[in-house]
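Structure first, commentary second.
The values are calculated or read from the model by the stated rules, or taken from the named source; none is laboratory data. Because the structure is predicted, anything quoted here is derived from the model rather than measured. So basically every Cβ, Gly included, is an ideal-geometry build from the backbone, and we count neighbours across all protein chains shown.
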Number of protein chains: 4
Amino acid sequence: MRTLIKGGTVITAADTFAADLLLEGGRIAQMGADLPAAGARVVDAGGMLLLPGGIDVHTHLELPFFGTVASDDFYTGQRAAVFGGTTSHIDFAIQHKGESLHQAVENWQHKAQDKAVIDYGLHVAITDLNDTVMAEIPSLVSAGVTTLKLFQAYKGVYQVDDATLFRAMLKAAEAGMLVMVHCENGDVIDFMIRDNVAHGRLATEYHARSHPAWAEAEASLRAIALAGIAGAPLYIVHMTCAESVDQLRYGRARGLPVMGETCPQYLFFTTDNLRQPDGAKYVCSPPVRTAADNDYLWQALSAGHLQVVATDHCPFLFDGTQAIKYEGENYQKPGKELGAGDFSKIPNGMHGIEDRLLLLCGPTA
Amino acid sequence: MRTLIKGGTVITAADTFAADLLLEGGRIAQMGADLPAAGARVVDAGGMLLLPGGIDVHTHLELPFFGTVASDDFYTGQRAAVFGGTTSHIDFAIQHKGESLHQAVENWQHKAQDKAVIDYGLHVAITDLNDTVMAEIPSLVSAGVTTLKLFQAYKGVYQVDDATLFRAMLKAAEAGMLVMVHCENGDVIDFMIRDNVAHGRLATEYHARSHPAWAEAEASLRAIALAGIAGAPLYIVHMTCAESVDQLRYGRARGLPVMGETCPQYLFFTTDNLRQPDGAKYVCSPPVRTAADNDYLWQALSAGHLQVVATDHCPFLFDGTQAIKYEGENYQKPGKELGAGDFSKIPNGMHGIEDRLLLLCGPTA
Amino acid sequence: MRTLIKGGTVITAADTFAADLLLEGGRIAQMGADLPAAGARVVDAGGMLLLPGGIDVHTHLELPFFGTVASDDFYTGQRAAVFGGTTSHIDFAIQHKGESLHQAVENWQHKAQDKAVIDYGLHVAITDLNDTVMAEIPSLVSAGVTTLKLFQAYKGVYQVDDATLFRAMLKAAEAGMLVMVHCENGDVIDFMIRDNVAHGRLATEYHARSHPAWAEAEASLRAIALAGIAGAPLYIVHMTCAESVDQLRYGRARGLPVMGETCPQYLFFTTDNLRQPDGAKYVCSPPVRTAADNDYLWQALSAGHLQVVATDHCPFLFDGTQAIKYEGENYQKPGKELGAGDFSKIPNGMHGIEDRLLLLCGPTA
Amino acid sequence: MRTLIKGGTVITAADTFAADLLLEGGRIAQMGADLPAAGARVVDAGGMLLLPGGIDVHTHLELPFFGTVASDDFYTGQRAAVFGGTTSHIDFAIQHKGESLHQAVENWQHKAQDKAVIDYGLHVAITDLNDTVMAEIPSLVSAGVTTLKLFQAYKGVYQVDDATLFRAMLKAAEAGMLVMVHCENGDVIDFMIRDNVAHGRLATEYHARSHPAWAEAEASLRAIALAGIAGAPLYIVHMTCAESVDQLRYGRARGLPVMGETCPQYLFFTTDNLRQPDGAKYVCSPPVRTAADNDYLWQALSAGHLQVVATDHCPFLFDGTQAIKYEGENYQKPGKELGAGDFSKIPNGMHGIEDRLLLLCGPTA
């Protein structure tokens, strides 16, 4: 089938110009002035902008986490995404302990099966790196996965030690893959969380106090340094603060192929939000920081010191005790209320906050 | 007894002036022009400079290490020091696993007993931090020890994990003590050493290749960041390279009370020395770096970006198979030859190199 | 007339893709797969890249300078340009003392008349800014000129004082125009040239010694600062050295809308070239610098710290005493030989060096 | 005569210790414990600190300026200074047009004659540099003057052009003298003052608006760059803002022997003070800046990026229409009221503000 989109203004990464677009087989076949409509369905785009679909490179649909599961699955999440203009995304297939990486990929493909309505890809998150898993890494490329994710945070859950991270980097460099890292010092954060809980400091804002900016900054340089030694390219996910970005700049200035991502939550929210009655909505990891950090991130994006904005979309309902209606069906999953009275149990992920911010991946229930 | 030193030029930290000095009871009682000699032994210092004695804040006399022991004990080391103008030093009492910190202090005092000929003090190096040891920390102050040393390096020997380092910093901050850290990423270095040995890369220069500058730089920022979170002052020992000093500057520019030390070996030697036939003499940890790093350190000292020069005096004989004469006695200890054919077994510490460089702590046998 | 270019690979600022191009009336009418050839002249571009034509924003064709005139006129220069892939350029109409700016524009249009073979535009260089000229500035916009050029260099010829530069910036800001500046301290350079000549230091390399990097760096910050006070955007032409680029970065980091240009000669040549027997070929202003500066400029371009590469094409024949054949005609103009034996008289502009470097504007006779 | 100061605590640049001081012939003859009092007048300093007297290296006593003269002469100024603990100072002998430098020195010595009560020295400010004056420069050293001051500001009064400044630097380098510069762009400031006055913008705060920070910053780098080319050491007086200090740091980081001074007014006051009813008291040049600049200067002093604090003591009475009593005499000079209604006529110099800030040089009438 052919579709002719007439009269719009095309915007590409470099140019803005008036042109008709002729689509054939789902691809743009022709661009130009006054294209002939013969045999095509015609869409009038007069006065409209025609943009490429957005790509969200960091999402967690249907992620099991904190004793529940992220509230968006591959249908609800993608449906929301496409309404917001995001037409493809990359999710994380997370290896369970003892599992192969290919098994992780299959697990996530299974989640997407019968649900996906837009394009998606997968990163693989390594949590258990034995020799068998090491040997398996290069074969992921032919399965369409070219990125490995590792965590310096979430001690006892996802966290790997430095030697593991370093070995994965060596292997990735060899296989032409990219390593992504969640940079926070899990050991120190784990101690601080336990210490705050033990002392009865349970309020939501202690989430941020247990995850200080310096713990992210040092982990960022640690990942950068290890990548530098391993000769591997590096992509640091969800950078939140001036100190971390400074380290990224330092690594780049020393010639290392390292890149950084930030997310809308770090551009707009601060620890003040955690002190609101609905502060649990704003609990994500790393945490939201200060207004000065918000500004710093905007400037870093503008100056090219940060390379990517993605969402880290991993939503949890604010009140999972009540079913909600979604396309006529009852929908219910435990959410932020799991952490009522104890910040350390609040699922870490931004609540769908459709009335405030249109995430790249779109609003959620 | 009174001593009058006449006619010299006194140099203090701030001034240079001609003055006589009258000593009483081992202290300077008077300074001035033409002091009366009555009842005093007179020393003619005409044409001479009178300087305060040097203080070397980083030494390891009689340290058991790499299956042998550092070749200088409290007599030979201090004797050499004082001939070089160093009149006091601070050594490290290192806790053995399972031992109390006070026991470590006693062990080192025992080494010094009957041997010490100049003033000395002790830092305590924590290698095993359980709750009993934690509770013991503040009491060190009244025993004259106000500094704690921890290692991010020497995996399986001295290395502590980040939570341990952080807890020690919290306690030190509480007790008004200073934390010193050997900053290198022990996990990655341990992997690299094993990997090099496994692949038969055994030459001396692989010592430096297994201890890359980035492994020191990231550990430096890690220590700085943890100190920043803990609110503790920090002193980083033996900084060797531009990347580490840059991190120190960064921490200081962010207002953290962090200080850094370098050593003569890092100001004068490079990895080229490791490739000499007697390269083992230059094996120390962290390793010697590049000529550009030498220059950077000199500039950093000059600009005040580094605060201290100490020696990390921890010498090993180059050839411990032969006895040498020292004050008429035969003296023999295993030394650098332990690592012949395998860099990973060379005792880490600069050989006494009296023909090249007068270390602050003086030449050694 | 319609032209269909078939089978090529189109390269835009953002994308690379296979497409046919249909040209109508000198413009691209359609891009797409398998465009119909009906009625069009067909060009087979199989295996070829289709790129946009280059734009050289800094040229001086037929410029009267140093008692002669640049060797390329609007025909020879543009012809060379288009063979090199440059399809448009912007030249500088330079105001003579006492002349109006519109007169300068007309003078330059006259030079181009009957000669121009590609698109060109004009900047206007102000050398004499009285109140009448001030009032005339905004009217240039409707004449198609939106950029003003001023010189801090060439004392007694083009140089303006700081108040003049500042007033021009105020007026440009008001009129929505861009100010370009040649940043070198003309007073100090003039003194150094005279001083070198007076002391018989006449060799070609004294051209560079009389134009030190610091003289460019300070003038760069001076222009940036004045633009910052005036609220005017600024474009610094032909930046050559680390110190200047550092100042540009500083201005940009402080939020000022300032941009910088470098040229091929500053990316490839050094003062060593001035010491060659044909060193006069490499005399341009500012002068070529060091190999370290070359590297710094490449890095600055790569990191986005410099925004533009243009040529400052202002060629002079190396030996103007001999006629050369150009399209069958004898061609002769005085050139670099004017400065034989006295660096201060060498026309400042790169000799056409077609055997070394394809300038953006193309090779010249 | 001998004086014994007993029981005080001596503070030197490096140390603090208890000691008696024996003074003989106006000098410290002995320091020590329990010095014998024989034949000496004894002063009990129990509980007191004994500090060296302060040195103020930047003052303008009895300076003719803005149609009046600074309100402190060598008696009133020095008397105030010594009460504040400042026991020596260096004033500026300013060359009048057409005058020799030695004449300037004599003029200022004449002002001091019969009035001076503490030690003082002189810098010489060059305002008219012809060849005779150039030749005279080195001879100043034997007259006790080793510093030359030049102005980039005060167009038509003190300002010199860049070639003059540069030539003075060359001569100073040759003669082993130090060049001090008042760094502000006089051309642009002069234009802005005239422009503000012409538009009726006469309020006191337009003093600061006519002297923007960028005009100081660029002039600072200009002086640094010229000193760098000339190979001369440089001392920039009264630095007031972040941008200028950044340039000083840049020059120092590039290895140039350049130093900077700030003054109490720039550490404590802001443009808010200019909007007070008595804002004229705070008119000095360069002007007071922002609170952020105050902070930046404190940090720069603390970090060693600025080297000196001096006062630029050049006071004018706030209301010179009324005589005041000083040591029983009537004292009257025109002051800040000269600029009532026109900021450009307010004498540039801080009013004696004894109730707010003890200037190094002490309070004034």
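Taking the condition of being under 19 Å from D:Lys149 (Cβ atoms), touching a residue at least 40 places away in the same chain (Cβ under 8 Å) and out of contact with any Ser or Thr (no Cβ under 9 Å at 6 or more places or on another chain), how many residues in the range D:183-230 meet it?
5
From A:Val124, A:Val117, grab the single residue that is under 21 Å from the mean Cα position of the chain (by Cα), within 21 Å of A:Ala163 (Cβ to Cβ) and not in a helix (DSSP H, G or I).
Values: A:Val117 fails: within 21 Å of A:Ala163 (Cβ to Cβ).
So the residue among A:Val124, A:Val117 that is under 21 Å from the mean Cα position of the chain (by Cα), within 21 Å of A:Ala163 (Cβ to Cβ) and not in a helix (DSSP H, G or I) is A:Val124.
Which pairs have Cβ atoms under 7 Å, sit 6 or more apart or on different chains, and link a residue in the range C:33-50 that is free of Cβ contacts under 8 Å to residues at least 24 places away in the same chain and at positive phi to one that is assigned to a strand (DSSP E or B) and surrounded by 11 or more Cβ atoms within 10 Å (Cβ to Cβ)?
Matching pairs, first to second residue: C:Asp34/C:Asp20.
How many residues are surrounded by 14 or more Cβ atoms within 10 Å (Cβ to Cβ), away from chain D (no Cβ under 14 Å) and in contact with a strand residue (DSSP E or B) (Cβ under 6 Å, 6 or more places away or on another chain) if we restrict to the range B:284-308?
Total meeting the criteria: 4.
Could you list, in sequence order, all residues of the range C:17-30 that are under 23 Å from A:Gly25 (Cβ atoms) and either of a type in the set (Asp, Glu) or more than 8 Å from every other protein chain (Cβ to nearest Cβ) (or both)?
C:Phe17, C:Ala18, C:Ala19, C:Asp20, C:Leu21, listed by residue number.
Mind listing just one residue for me: the one in the range D:246-283 that is away from chain C (no Cβ under 14 Å) and of a type in the set (Ser, Thr, Tyr) and, of those, nearest to the chain's Cα centre (by Cα)?
Ranking the qualifying residues of the range D:246-283, first place goes to D:Thr262.
Looking at (1) in contact with a Gly (Cβ under 9 Å, 6 or more places away or on another chain); (2) at pLDDT below 85; (3) more than 25 Å from C:Tyr154 (Cβ to Cβ); (4) of a type in the set (Val, Ile, Thr), find the lone condition where C:Ile324 falls short.
All conditions pass for C:Ile324, except number (1).
Taking the stated definitions as given, is D:Glu62 free of Cβ contacts under 8 Å to residues at least 60 places away in the same chain, in the same structural domain as D:Val157 (by TED's automatic domain parsing) and acidic (Asp, Glu)? Write out each step before concluding.
Details: free of Cβ contacts under 8 Å to residues at least 60 places away in the same chain: yes; in the same structural domain as D:Val157 (by TED's automatic domain parsing): yes; acidic (Asp, Glu): yes.
Here the answer is yes, as D:Glu62 does meet what is asked.
Pick from the range B:329-365 the residues that are among the β-branched types (Val, Ile, Thr) and either outside the structural domain of B:Ala93 (by TED's automatic domain parsing) or modelled with pLDDT under 85 (or both): which of them is farthest from B:Arg79 (Cα to Cα)? Working first, answer last.
Filtering the range B:329-365 down to residues among the β-branched types (Val, Ile, Thr) leaves B:346, B:353, B:364.
Now drop any that are not either outside the structural domain of B:Ala93 (by TED's automatic domain parsing) or modelled with pLDDT under 85 (or both), which leaves B:353, B:364.
Working: B:Ile353: 16, B:Thr364: 9 Å.
Only one residue tops the list, namely B:Ile353.
Considering only residues that are touching an Asp or Glu at 6+ places or on another chain (Cβ under 6 Å) and more than 14 Å from chain C (Cβ to nearest Cβ), which ones fall in the range D:167-208?
Across the range D:167-208, the qualifying residue is only D:Leu202.
Looking at (1) touching a helix residue (DSSP H, G or I) at 6+ places or on another chain (Cβ under 9 Å); (2) farther than 19 Å from D:Val188 by Cβ; (3) touching a residue at least 24 places away in the same chain (Cβ under 8 Å), which is the one condition that is false for C:Thr132?
Condition (1) is where C:Thr132 drops out.
Of everything in the range D:31-52, what is within 34 Å of the chain's Cα centre (by Cα), assigned to a strand (DSSP E or B) and either facing chain B (nearest Cβ under 7 Å) or of a type outside the set (A, V, I, L, M) (or both)? Give them in sequence order.
Result: D:Met31, single match.
From the set of residues in the range A:1-30 that are of a type in the set (Asp, Glu) and either in contact with a strand residue (DSSP E or B) (Cβ under 7 Å, 6 or more places away or on another chain) or not in a loop (DSSP other than H, G, I, E, B) (or both), which is modelled with the lowest pLDDT? Spell out how you get there, then give the answer.
Narrowing the range A:1-30 to residues of a type in the set (Asp, Glu): A:15, A:20, A:24.
With the extra rule that they be either in contact with a strand residue (DSSP E or B) (Cβ under 7 Å, 6 or more places away or on another chain) or not in a loop (DSSP other than H, G, I, E, B) (or both), the set shrinks to A:20, A:24.
Details: A:Asp20: 95, A:Glu24: 92.
In this case the residue turns out to be A:Glu24.
Taking the range B:88-105 only, how many residues are surrounded by fewer than 16 Cβ atoms within 10 Å (Cβ to Cβ), touching a residue at least 12 places away in the same chain (Cβ under 8 Å) and within 22 Å of B:Tyr75 (Cα to Cα)?
Of the residues in that region, 0 qualify.
Considering only residues that are more than 7 Å from chain C (Cβ to nearest Cβ) and acidic (Asp, Glu), which ones fall in the range D:210-245?
As a first pass, look at the range D:210-245 and keep what is more than 7 Å from chain C (Cβ to nearest Cβ): D:210-211, D:213, D:216, D:219-220, D:223-224, D:227, D:230-245.
Selection gives D:Glu216, D:Glu243.
Pick from A:Asp56, A:Asp91: which is among the acidic types (Asp, Glu) and touching a Phe, Trp or Tyr at 6+ places or on another chain (Cβ under 9 Å)?
The unique qualifying residue is A:Asp91.
With the requirement that a residue be within 13 Å of another protein chain (Cβ to nearest Cβ) and part of a loop (DSSP other than H, G, I, E, B), what does the range C:149-160 give you? Lay out the reasoning, then the answer.
Of all residues in the range C:149-160, those within 13 Å of another protein chain (Cβ to nearest Cβ) come to C:152-153, C:155-156, C:159-160.
If the condition is that a residue be within 13 Å of another protein chain (Cβ to nearest Cβ) and part of a loop (DSSP other than H, G, I, E, B), then C:Gln152, C:Ala153, C:Lys155, C:Gly156, C:Val160 are the ones that fit.
If you check A:Ala93, A:Ala29, A:Ala80, which single one turns out to be of a type in the set (Gly, Ala, Ser), closer than 30 Å to A:Ile346 by Cα and touching a Gly at 6+ places or on another chain (Cβ under 6 Å)? First the steps, then the outcome.
Values: A:Ala93 fails: touching a Gly at 6+ places or on another chain (Cβ under 6 Å); A:Ala29 fails: closer than 30 Å to A:Ile346 by Cα.
None of the other options fit; the residue is A:Ala80.
Within the group B:Tyr266, B:Tyr326, which residue is touching a His at 6+ places or on another chain (Cβ under 9 Å) and in the same structural domain as B:Ser88 (by TED's automatic domain parsing)? Explain how you work it out, then say what you get.
Numbers: B:Tyr326 fails: touching a His at 6+ places or on another chain (Cβ under 9 Å).
Criteria check complete, one pass: B:Tyr266.
Can you find a residue that is charged (D, E, K, R), touching a Leu at 6+ places or on another chain (Cβ under 8 Å) and not in a loop (DSSP other than H, G, I, E, B) anywhere in the range A:78-91?
Scanning the range A:78-91, I find at least one residue that is charged (D, E, K, R), touching a Leu at 6+ places or on another chain (Cβ under 8 Å) and not in a loop (DSSP other than H, G, I, E, B), so the answer is yes.
Might you let me know whether the range D:106-114 holds any residue that is under 16 Å from the mean Cα position of the chain (by Cα), among the hydrophobic types (A, V, I, L, M, F, W, C) and either assigned to a strand (DSSP E or B) or over 18 Å from D:Phe65 (Cα atoms) (or both)?
So in the range D:106-114, the residues under 16 Å from the mean Cα position of the chain (by Cα) come out as D:108.
Filter once more, so that each one left must be among the hydrophobic types (A, V, I, L, M, F, W, C): D:108.
When the remaining residues are screened for being either assigned to a strand (DSSP E or B) or over 18 Å from D:Phe65 (Cα atoms) (or both), the result is none.
No - not one qualifying residue is present in the range D:106-114.
Let me confirm something: among B:Leu301, B:Leu297, which residue is farther than 19 Å from D:Arg249 by Cβ and in a helix (DSSP H, G or I)?
Values: B:Leu301 fails: farther than 19 Å from D:Arg249 by Cβ.
On inspection, the qualifying residue turns out to be B:Leu297.
Take the residues in the range D:53-63 that are hydrophobic (A, V, I, L, M, F, W, C) and part of a strand (DSSP E or B); name whichever of them is farthest from the other protein chains (Cβ to nearest Cβ). Give the steps one after another, and end with the answer.
Going residue by residue through the range D:53-63, those that are hydrophobic (A, V, I, L, M, F, W, C) are D:55, D:57, D:61, D:63.
The next check asks that each one be part of a strand (DSSP E or B); those that pass are D:55, D:57.
Details: D:Ile55: 14, D:Val57: 18 Å.
By that ranking, first place goes to D:Val57.
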